[in-house]
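Contents: one structure, followed by commentary.
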Amino acid sequence: MAEAWEDTFDEVKRKNERLKRKRIIDGIREKVPAVDPNLVFLTPGEILDGMRDNTTVTGFHRKLLEEYECPKRRIGLLFPASDRIPWTKGTDALIYRNLYASLKKLELEDEVALFSISPLLGVVPQEWYETMPMYEASGAASFLVRRRGLAWNAEDFRKVIKQAGEILNGFFRKNHDRCDKWHIIYRTPSIHERILGSSNDMEPFSVWPHTTKKSLAESYLKMRKLLEDIKEE
C-alpha cells in the first residue's frame, strides 16, 4: 500500500514540475514569440544536455566547426548573445539596436565581421541570425534559475562554460587569421568573459577585450565609445 502511495506522490510531483515548466516557457514566449518551445533550457543541466544530445544544437555546432568560413574583414567582433531573438536589424534586443546604430554611425558596417558568443551555441555568425536555432538558455543565469524555484548545479554550469569554450576555440583555429584583428565586447563579470577565458586556457588566440561594468543595453553612447576605440586601434 505504501508503495502505491509513493508512486502516486511521485506522479503528482512530476505533474507539478511539468506544469511549472510550461508556465515558465509560456511566459518566455509571451515576451519573445520567436523562441522555439522545444529549445528552452531552464537549468545548467538542461543546457549541457542540449549541447550534447539535442540534434538541432549539435547540428549547428557541426556546421559551424566543419563548414563555416569567416568573411575576410579588418575587424572580427565577438558580442554577447541576448535572450531577445532574433538579433537581426530591427530586433527588440536593445543591446543589438545600440550595436547596429553605432556601427552605422561610425561607418564600420563593411569592416566588421560580427559574431555572437552563446553559452548554448558557442559562436553564431551574423549571417546566420535569421536561420539559427531560436533558443532560450536562461538556465545559465543562476539568479533566474533560483528565482523560478529550479535547481542550480554549479558543476553543470562549469561544464557548459568548458564546452562553449571548446567551440569558440575550434572556431578560432579555423577562422582567426581571416580578420586582421579580433575584438570582444562584454560586461564584466559575465558568462561571455568566462567562455573566452575557457577558450584561452585551451589555446590562446589574440583577442582585444573591451569591457564595461554596466549593461550594454543601457547606453547607445557607451556602445559607440567602445566601437570608436575599436575603430582607432
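Computed from the coordinates by the stated procedures, all read-outs in this text should not be read as laboratory data. This is a predicted model, so every value here is computed, not measured. Methodologically, a virtual Cβ is constructed for each residue, glycine included, from the backbone with ideal geometry; neighbour enumeration extends over all protein chains shown.
Points to keep in mind about this one:
- Ascending count of other beta-carbon atoms within 10 Å, so fewest first, for Phe143, Phe205, Phe41: Phe143, Phe205, Phe41
- Values of log10 I(q)/I(0), in the order q = 0.07, 0.15, 0.16 Å⁻¹, for the chain under a Debye, Cα-only, solvent-free model: -0.25, -1.03, -1.17
- Total charge dipole magnitude, the chain, about the Cα centre, Cβ charges on Lys, Arg, Asp, Glu only, Debye to nearest 20: 740 debye
- Annotation note: GluC sites (Glu not before Pro) in region 1-95 located in DSSP loop regions with a Cβ neighbour count of at most 15 within 10 Å are Glu67, Glu69.
- Degrees between helix 191-202 axis and first principal axis of the chain (Cα, 0 to 90, nearest 10): 70 degrees
- Taken over region 1-120, the percentage of Cα pairs per 10 Å bin, counting from 0 up to the bin with the maximum distance, is 11, 28, 30, 18, 7, 4, 2, 0.
- Placing +1 on the Cβ of every Lys and Arg and -1 on the Cβ of every Asp and Glu, with nothing else charged, gives region 147-213 a dipole about its Cα centre of roughly 320 debye.
- Close amide H partners of Val123, meaning residues 5 or more places away or on another chain with modelled amide H under 5 Å apart, are Ser118.
- Percent of beta bridges antiparallel (DSSP, region 32-232, rounded to nearest 5): 20 percent
- Sequence-distant lysines (8 or more away, or on other chains) whose Cα lies within less than 22 Å of Lys174: Lys63, Lys72, Lys162
- D_trans [Stokes-Einstein, Kirkwood Rh over alpha-carbon pairs] for region 123-233, 25 °C, 0.890 mPa s, µm² s⁻¹: 154 µm²/s
- Helix axis angle, 154-175 relative to the chain longest principal axis, alpha carbon, degrees: 30 degrees
- Tilt relative to the chain, helix 94-105 - C-alpha long axis, 0 to 90 degrees, to 10: 10 degrees
- Its DSSP H runs of at least 4 residues, each contributing -39,500 (n - 2.57), put the calculated 222 nm mean residue ellipticity of the chain at -16500 deg cm²/dmol, to the nearest 500.
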